[in-house]
Amino acid sequence: DEGDAVVLSDSVDWLVPHRIVRLDGSTVASIGSLPAKTRMGATTPYVVVHDEEIVVGNGRTFEVRVYDRAGNLRQVSRLLRQTPPVTDAEWKARLEKMRPMGSPEAIARFRSNVLAAKPDRDPAFSQIRVDPSHRIWVSDYQSNHLWTVIDRDGFLLGRVELLGRLEARRGLAGLGRDHIAIHYRDDDGALHLAFHRMASSSPVSASGKRR
């Protein structure tokens with residue numbers, strides 16, 4: 001049954017093939033090479049299984065691919081958007097904010113490895129979410145409150161900004177068919193949930209390309 005399928009990576013190396021497999025271990029199809037693990041500031045895999053669709057992006061570029069459970073590529077959406085280059089000074093500043101644990105020798109090795117792993121650019125995005133209406137929500141890199149929304153046909157619907165006095169404390173808690181849930185903390189640190197209704201609309205442009 002093609003419905004009993006999961007997505008697996010074939011090793012723990014940096015860039016490895018991913019595939020859809022049945023529960024008996026047999027392969028359904030390959031869905032391409034994706035990063036297999038997270039590194040500071042580097043690309044990470046994004047695989048979302050939603051109903052009969054598998055939504056995939058690797059963060060290297062702003063591209064989101066949609067497969068069916070048989071492994072057939074159904075849709076590709078792209079935006080011509082790039083994050084700024086990561087400079088040596090910026091990378092070193094990020095490293096200085098880290099507090100690794102271990103012996104002095106281990107910490108020195110860690111810092112050396114991180115410095116050598118500096119990417120040319122930050123990832124194009126941080127998260128992929130899919131709502132019950134098959135809209136794809138893609139967050140800006142390291143952002144909880146800025147999202148790009150793509151409709152189920154692969155076209156750009158627009159941008160969503162979770163406004164508030166303290167945007168850094170706000171995040172997307174959940175997605176419904178006609179609403180979103182936002183979590184945020186007030187000045188006392190108390191956690192709140194707010195629900196906002198969404199109005200249906202047509203795509204604002206064809207900037208999201210599909211194939």
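The values are calculated or read from the model by the stated rules, or taken from the named source; none is laboratory data. All values reported here derive from a predicted model rather than from experimental measurement. Please note: Cβ atoms are built from the backbone with ideal geometry, for glycine as well, and neighbour counts cover all protein chains shown. The area values use the complete protein model at the heavy-atom level, side chains included, leaving out ligands, DNA and RNA. Shrake-Rupley method; radii C 1.70, N 1.55, O 1.52, S 1.80 Å.
Please name all residue pairs, on different chains or six or more residues apart, with Cβ atoms under 6 Å, provided the first residue is in the range 164-186 and is under 23 Å from H134 (Cβ atoms) and basic (K, R) and the second residue is surrounded by fewer than 17 Cβ atoms within 10 Å (Cβ to Cβ) and modelled with pLDDT of 85 or more.
Qualifying pairs under 6 Å: R177/P132; R177/S133.
Of the residues that sit in the range 136-150 and are at negative phi and not in a strand (DSSP E or B), which one is least open to solvent (accessible area, probe 1.4 Å)?
Going through the qualifying residues, I end up with S143.
Taking T87, is it among the β-branched types (V, I, T), open to solvent by 30 Å² or more (accessible area, probe 1.4 Å) and either free of Cβ contacts under 8 Å to residues at least 60 places away in the same chain or over 25 Å from H18 (Cα atoms) (or both)?
Here the answer is yes, as T87 does meet what is asked.
Quick one: which of R170, R165 is modelled with pLDDT under 80 and surrounded by 17 or more Cβ atoms within 10 Å (Cβ to Cβ)?
R170
Might you let me know whether the range 89-100 holds any residue that is touching a strand residue (DSSP E or B) at 6+ places or on another chain (Cβ under 7 Å) and over 15 Å from H134 (Cβ atoms)?
There is no residue in the range 89-100 that is touching a strand residue (DSSP E or B) at 6+ places or on another chain (Cβ under 7 Å) and over 15 Å from H134 (Cβ atoms).
Within the bounds of the range 67-80, is there any residue that is more than 25 Å from G176 (Cβ to Cβ), open to solvent by less than 40 Å² (accessible area, probe 1.4 Å) and of a type in the set (S, T, N, Q)?
No, the range 67-80 contains no residue that is more than 25 Å from G176 (Cβ to Cβ), open to solvent by less than 40 Å² (accessible area, probe 1.4 Å) and of a type in the set (S, T, N, Q).
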